[in-house]
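The values are calculated or read from the model by the stated rules, or taken from the named source; none is laboratory data. Since this is a predicted model, take the numbers as computed values, not measurements. No Cβ is skipped: glycine too gets one built from the backbone with ideal geometry, and neighbour counts run over all protein chains shown.
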There are 2 protein chains.
Amino acid sequence: MRIAVDAMGGDYAPDAIVHGGIEAVRAGKGEYEVVLVGDEDQIQHCLSRHFRIHELPISIHHASQKIEMPESPTAALKQKPDASIAVAMGLHKRGEVDAVISAGHTGAAMAAAFLSLERIKGVKRPAISSLIPYGHGLGVTLLIDVGANLECKPINLLQFGVMGSIYMKNMYHLANPRVGLLNIGEEDTKGTDLIQEAYRLLSKSRLNFCGNVEGRDVMDGKVDVIVCEGFVGNVLLKFAESFNGVYSKTLKRKIGKKVFSSVGAFLLKPTFERLRRIYDYEEYGGVPLLGINGTCIICHGGSTPKAIKNAVKEAVTMIQQRVNEKISNEVVGMMEEERDAK
Amino acid sequence: MRIAVDAMGGDYAPDAIVHGGIEAVRAGKGEYEVVLVGDEDQIQHCLSRHFRIHELPISIHHASQKIEMPESPTAALKQKPDASIAVAMGLHKRGEVDAVISAGHTGAAMAAAFLSLERIKGVKRPAISSLIPYGHGLGVTLLIDVGANLECKPINLLQFGVMGSIYMKNMYHLANPRVGLLNIGEEDTKGTDLIQEAYRLLSKSRLNFCGNVEGRDVMDGKVDVIVCEGFVGNVLLKFAESFNGVYSKTLKRKIGKKVFSSVGAFLLKPTFERLRRIYDYEEYGGVPLLGINGTCIICHGGSTPKAIKNAVKEAVTMIQQRVNEKISNEVVGMMEEERDAK
């Protein structure tokens, strides 16, 4: 198995990314190979700072360009055909690698994936998801979609539920993942026409549909998959990501120069560190683009080597678990049943 | 000035509500009167537990029914014409009171207001807003709409910006409130067609429009008013409300039985209490229904007497500042300019 890693994408690229690639192959014990895609000289320089690299299944595939954060995804992909993310997706398209990992420009990675790779048979719209930690760090809930499809049709939301459910079942070993629909109230009469129709489709599907979930339920672990349109999912995700920072900043400010509080904060430091880790999205390797006929993991811009290593392992597991094949079977099966019912 | 308070609405009704009404008139020093609307016997019983009530400008208006939380707003209002919230709105409609305060069923209060009261001249859709504390408890940002209009037209979003701006200017003494549009990115090319068109309308308006704000900006005090459709606003608000609880529960669990951490937590108790207050939405009296030709303040279900007192004062200030008249002038003015431009 060969996993392409976009070495030029991410706040700490290429150093942290290359380092993560090395960690991944060390952990893989020969089970898979990592292909670092990007500027050969820079990657070589990063590699040279690590020991016994020549013994590892890691290689470089040169790409002369890279996409910067402020660029518009589609324009950038047009202007930079040799951008690392485009080259990596090209390798995937031609079957030279089995997956692509990127911590770079999320929009560009999505656009490159959508341009290079087909959709899974039966899937109408691919989606990008995110993992939200719940409760006491006991688990995660998959939020799908968080930005690939700002507006959706009911069938898209149903398919997001199917894809999310299969992902969580195979990647988190859940027997029958609970699926919820993001809405403004619990009753099935709540929400827009779109949401009410999606509720109806989800109810009569084979999914373990648990009804509507509200904003307040997102972090309580009530369900394993939350289905929503990309606009609201994106707003919610970015809001959630900001909260940890806001809370700790306010806490620090309130502690100020008070002696007792400062001592208290010192004694609680390990606890805060554990809390930070629970709510720190960098710890969760990456999130999959679901619905494309390939395996693409999008990582946080601030990804550490550990995050990249985890993302590579996630891609390997997704391939081993044949997640895409299972999604296709389920989606096609649903369409056939629908047709037969008519 | 007479302010009607729905004595039967809220988790701690009628006790906390009646108590809040008393606090309000004590603080008002005769400037306004409070009319408690609800079951006369129950309210009388609550009043009897307070001293020297007969000296205060507080009275009872009997209503034999009340709307319970699980009821559907419109059905409940039809079945219970003598429900306290409906009676209170009726008083407002007939000009017997100048404002209505309710901590009861939000949907029912909204529906009763929309049924009883006209819209402000020029306003196409009334909206419900909410206050989000930012940063270090230094201020609040108004989020509008949070559930009255799940789907909107661009003109509605523009008008929400106008109403929010005038509200914040007059109630929080801001010279020129900064208005932001909730979106998935900063650039004006981001978002759905609806959002892009709203961006264009807001840009060419007289508002102090600061562009798009993302989920991560909601709590950083970047703007004073955030405009959004009611669906995403409602999800975001409920998510925000839940976070304080989630965070403290996780913190408690992580502290567990560790001695150092427990001592630390004890020493930090006052700080946590201050934090709780910043993020505790019950502390913020209530939020206005903007765009109706009347003054209605919707309070949190768990409202304390203090919250009710603050809501009464908020209503009084809104009337004194002639917020509705200013909204009408601005909205009608904008429409006329638009017409002249054509």
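Examine segment A:147-160 for a residue that is of a type in the set (A, V, I, L, M), in the same structural domain as A:ILE308 (by TED's automatic domain parsing) and under 20 Å from B:GLY191 (Cβ atoms), and state whether such a residue exists.
no
Which residue, of B:LEU77, B:LEU117, B:LEU157, is more than 14 Å from chain A (Cβ to nearest Cβ) and either out of contact with any Gly (no Cβ under 6 Å at 6 or more places or on another chain) or of a type in the set (D, E, K, R) (or both)?
None of the others qualify; the one that does is B:LEU77.
Taking segment A:292-308, which residues are in contact with a strand residue (DSSP E or B) (Cβ under 8 Å, 6 or more places away or on another chain), part of a loop (DSSP other than H, G, I, E, B) and not polar (S, T, N, Q)?
Passing the criteria: A:GLY294, A:HIS300.
If B:LYS309 satisfies every condition in (1) at pLDDT below 80; (2) in the same structural domain as B:HIS105 (by TED's automatic domain parsing) but one, which is the exception?
Every condition holds for B:LYS309 apart from (1).
Of the residues B:ALA88, B:ALA75, B:ALA108, which single one is touching an Asp or Glu at 6+ places or on another chain (Cβ under 6 Å) and of a type outside the set (S, T, N, Q)?
B:ALA88
Do we have any residue at all in segment A:208-216 that's out of contact with any helix residue (DSSP H, G or I) (no Cβ under 6 Å at 6 or more places or on another chain), among the β-branched types (Val, Ile, Thr) and assigned to a loop (DSSP other than H, G, I, E, B)?
No: zero hits.
So which residues in segment B:197-233 are without any contact (Cβ under 8 Å) to a residue 12 or more places away in the chain and surrounded by 18 or more Cβ atoms within 10 Å (Cβ to Cβ)?
If the condition is that a residue be without any contact (Cβ under 8 Å) to a residue 12 or more places away in the chain and surrounded by 18 or more Cβ atoms within 10 Å (Cβ to Cβ), then B:ARG216 is the only one that fits.
Determine whether A:LEU194 is touching a Cys at 6+ places or on another chain (Cβ under 8 Å), more than 8 Å from chain B (Cβ to nearest Cβ) and either hydroxyl-bearing (Ser, Thr, Tyr) or more than 12 Å from A:ILE132 (Cα to Cα) (or both).
It is true that A:LEU194 is touching a Cys at 6+ places or on another chain (Cβ under 8 Å), more than 8 Å from chain B (Cβ to nearest Cβ) and either hydroxyl-bearing (Ser, Thr, Tyr) or more than 12 Å from A:ILE132 (Cα to Cα) (or both).
For B:MET168, work out the one condition from (1) in the same structural domain as B:ALA4 (by TED's automatic domain parsing); (2) closer than 14 Å to B:LEU289 by Cα; (3) not small (Gly, Ala, Ser) it doesn't fulfil.
(1)
Output the number of the condition that A:SER64 fails; it satisfies all remaining conditions of (1) touching an Asp or Glu at 6+ places or on another chain (Cβ under 8 Å); (2) buried (at least 24 other Cβ atoms within 10 Å of the Cβ).
(2)
With respect to A:GLY38, is the statement that it is surrounded by fewer than 24 Cβ atoms within 10 Å (Cβ to Cβ) and on the phi > 0 side of the Ramachandran plot true?
no
If you take the residues in segment A:190-232 that are over 22 Å from B:ASP145 (Cβ atoms) and of a type in the set (D, E, K, R), which one is nearest to the chain's Cα centre (by Cα)?
Only one residue tops the list, namely A:ASP224.
Please find, within segment B:323-342, the residue that is farthest from the chain's Cα centre (by Cα) out of those that are surrounded by fewer than 16 Cβ atoms within 10 Å (Cβ to Cβ) and in contact (Cβ under 8 Å) with a residue 60 or more places away in the chain.
Step by step, filter segment B:323-342, then rank; the result is B:MET335.
For every residue, the table says whether it meets (1) surrounded by 24 or more Cβ atoms within 10 Å (Cβ to Cβ); (2) farther than 29 Å from B:GLY301 by Cα; (3) touching a residue at least 24 places away in the same chain (Cβ under 8 Å); (4) touching a Pro at 6+ places or on another chain (Cβ under 7 Å).
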residue	(1), (2), (3), (4)
B:ILE132	no, no, yes, no
B:GLU151	no, no, yes, no
B:GLN159	yes, no, yes, no
B:GLY164	yes, no, yes, no
B:GLU187	no, yes, yes, no
B:THR192	no, yes, no, no
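Just to be sure I understand, how many residues within segment A:55-102 are among the charged types (D, E, K, R), under 21 Å from A:ILE308 (Cβ atoms) and touching a strand residue (DSSP E or B) at 6+ places or on another chain (Cβ under 6 Å)?
Number satisfying all stated conditions: 2.
Determine whether segment A:130-145 contains at least one residue that is in contact with a strand residue (DSSP E or B) (Cβ under 7 Å, 6 or more places away or on another chain), more than 21 Å from A:ASP220 (Cα to Cα) and within 14 Å of chain B (Cβ to nearest Cβ).
Looking through segment A:130-145, none of the residues is in contact with a strand residue (DSSP E or B) (Cβ under 7 Å, 6 or more places away or on another chain), more than 21 Å from A:ASP220 (Cα to Cα) and within 14 Å of chain B (Cβ to nearest Cβ).
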